[in-house]
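Read the structure below first, then the notes.
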Amino acid sequence: MEKKMSASVSARRTTNDYYRALHSHAGEVEARYRTLTPRSCALFDQAKSAFPGGYTRDSLVREPYAPFLAEGAGSTLTDADGRRVVDLWFNATSLPLGHAHPDMVSAVERQVTRGTAFFGPTEHELRLAALLKERLPSAERVRFANSGSEAVMMAIRFARAFRNRPVIVKFEGSYHGSYDDVSWSVSPSVEALGDGDASSQVADSAGLLDCQGRVALLPFNDVGALEAFVEAHHARLAAILVEPIANRIGLILPDRTFLSAARALCDRYDIVLLFDEVIAFRAGFHGAQGEIGITPDLTTLGKIIGGGFPVGAIVGRAEILELSRPSLNGRVSHAGTFNANPITAVAGLATMQALTPKVFAGMAELGERVRRGLREIVADLPLRVTGIASLFKVTAVGHEIRNYRDAAAADKEWETIASLALYNEGFLLTPRLSGCVSAVTSGEEALSFLEAFRRVVAW
């Protein structure tokens, strides 16, 4: 059987219909999914009467419906139908220790009995801030928020106040949360991109009418375009906002020359270099900036620093963040009922303390084993494997991915069918085949995933 499958796949490799094969099995994949998840189907029917279209979180949307989840323990999830599946996304990378890690659970249990939120600071937020300052040498000051989106919003406000300039540079295909000023050209269609190399300005949501005078969109990883734009418009630029690991473009690292150019331009023209490390901070003990060796002025954080609870943070140069000092006239204001709440602080501290250099190295090693295994499987298929450290992504293209336009050419429907087929096999990834390993993901689970992926791509 394996020889016949291999021969069939080999024959398709010489044609342009590789993706068509899995497309032809879409009905079969969905039928099996429905058979395996009847309780999720029933719950989704209820959800449609409570939430618009059945969803209150866009990233979970998948056809015909998302699996409802009941429990998480370590590296596995139990869905509403009682099926145990291996988690390979861990709530959008926010759980590097897996689900219900004992250290985190103990810390939260102790704090819950003492109170969940107060109208006053606690020592816990000081300890978490101190840890972040140790991990990120650029973090001279810390300001906590409740999400990565909020952290980005506040970081942009700080940058504009610091330089008294209105425009931020954002890169095509980069996702920075749901704040209006960054919700442009995040995932436009190939048709909306237009011809040529000029960057698009496509709203990522209804209700966004214009970004002129506030946001400039540039192609990702293009040093020439960045230098030309900054040289021409630096007098109006407050910040250059960049992901040191580009999530929606394929979890890729930008070229070092690109980040070096951004740093040099910011230094030359007094522009704030802003790194979005909401996901990238899990790249290593000192974050992506520590791995790359380029220091931003401000960094936004989230996900792993909250230990599974809602969190965000802006860290960076003291002279910028001190603009929120209460005694300052014309200060940058930032309120939040749950900023630095004690539950998030203790959960985040327990998680970050457990993430030692050895743990980071172990996750990165297993992540590379997964990527290496995936690359071997897709060696002569029109599929691209990318990622870094504990992160990986499979994209349905046959060419290198350096920017959003490279990634936008993907057969997205093929990816979503493959993702659903993998859930049928017992593995949860995003609908677009992004994944990650955790500190508790086993080598056996990684090997089983690779075997399941081999079966899916051989259809």
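As a length-normalised measure over Cα pairs under 8 Å and 6 or more apart, the relative contact order of the chain settles at 22 percent.
A cut-off under 11 angstrom between Cβ atoms defines the neighbours of Arg214, and their net charge, with Lys, Arg +1 and Asp, Glu -1, is +1. Per the Cα gyration tensor, the stretch 157-215 maps to an equivalent ellipsoid with semi-axes of 22, 13, 10 Å, ordered largest to smallest.
Please give the Cα centre distance for the stretch 300-320 versus the stretch 140-212, rounded to the nearest Å. First find each Cα centre; the distance between them is then 18 Å.
Across the stretch 210-288 the C-alpha pair distances fall into 10 Å bins from zero in the proportions 17, 51, 28, 4 percent. An ellipsoid equivalent to the stretch 70-190, defined through the eigenvalues of its Cα gyration tensor, has semi-axes of 32, 25, 13 Å when rounded to whole angstrom and sorted largest first. Measuring how big the stretch 118-171 is from its alpha-carbon positions, Rg and Dmax come out at 13.8, 39 Å.
Loop-only trypsin sites (Lys or Arg not before Pro) in the stretch 315-371, please: DSSP not H, G, I, E or B, and at most 15 other Cβ atoms within 10 Å.
Arg331
Once you have the Kirkwood Rh of the stretch 287-329 from its Cα pairs, apply Stokes-Einstein at 4 °C and 1.567 mPa s and quote D in µm²/s.
106
Which net charge results for the neighbourhood of Arg432, defined as the other residues with beta-carbon distances under 9 angstrom from its beta-carbon, given Lys and Arg at +1 and Asp and Glu at -1?
Here the charged neighbours net out to +2.
Dipole of the chain computed with +1 at Lys/Arg Cβ and -1 at Asp/Glu Cβ about the Cα centre; of Val278, Ala410, Leu132, farthest Cα towards the positive end is Leu132.
Kirkwood-type hydrodynamic radius, the stretch 56-120: 14.0 Å, calculated from all non-identical alpha-carbon pairs. Counting only Cα atoms, the size of the chain along its three principal axes is 73, 59, 46 Å, in decreasing order. Taking loop as defined by DSSP and a crowding limit of 12 other beta carbons within 10 Å, which GluC sites (Glu not before Pro) in the stretch 379-459 fit? Passing both the DSSP loop test and the Cβ count: Glu400.
Using alpha carbons only, what's the Rg to Rh ratio of the stretch 393-459 with Rh from Kirkwood?
Ratio of gyration radius to Kirkwood radius for the stretch 393-459: 0.99.
Shown here: the stretch 126-262, whose C-alpha atoms stretch 51, 35, 33 Å along the first, second and third principal axes, sorted largest to smallest. Within 9 Å, Cβ to Cβ, of Ser419, how many net charges do the neighbouring residues add up to if Lys/Arg are +1 and Asp/Glu are -1? Surrounding charge for Ser419 is +1. State the answer as a single residue: which of Val223, Gly250, Val108 lies farthest towards the positive end of the charge dipole of the stretch 102-354, with beta carbon charges of +1 for Lys and Arg and -1 for Asp and Glu, about the Cα centre. So the residue we want is Val108.
The chymotrypsin sites (Phe, Trp or Tyr not before Pro) of the stretch 104-202 that DSSP puts in a loop, and whose beta carbon has at most 15 other beta carbons within 10 Å, are Phe118, Phe119. Note on the stretch 102-354: the alpha carbon radius of gyration divided by the globular reference 2.2 N^0.38 Å gives 1.02. From helices alone, the chain scores -12500 deg cm²/dmol at 222 nm; the rule is -39500 (n - 2.57) for each run of n ≥ 4 DSSP H residues, then divide by the residue total.
For a quick protection proxy, order the peptides 304-312, 64-72 by their average other-Cβ count within 10 Å, most packed first.
Packing proxy ranking, top to bottom: 304-312, 64-72.
Evaluated over the chain, the count of Lys pairs having alpha-carbon atoms less than 29 Å apart is 17 (only pairs 8 or more residues apart or interchain).
Coordinate-derived values only; no laboratory data. Please read these numbers as outputs of a predicted model, since none were measured by experiment. Neighbour counts run over all protein chains shown; Cβ positions are idealised from the backbone, glycine included.
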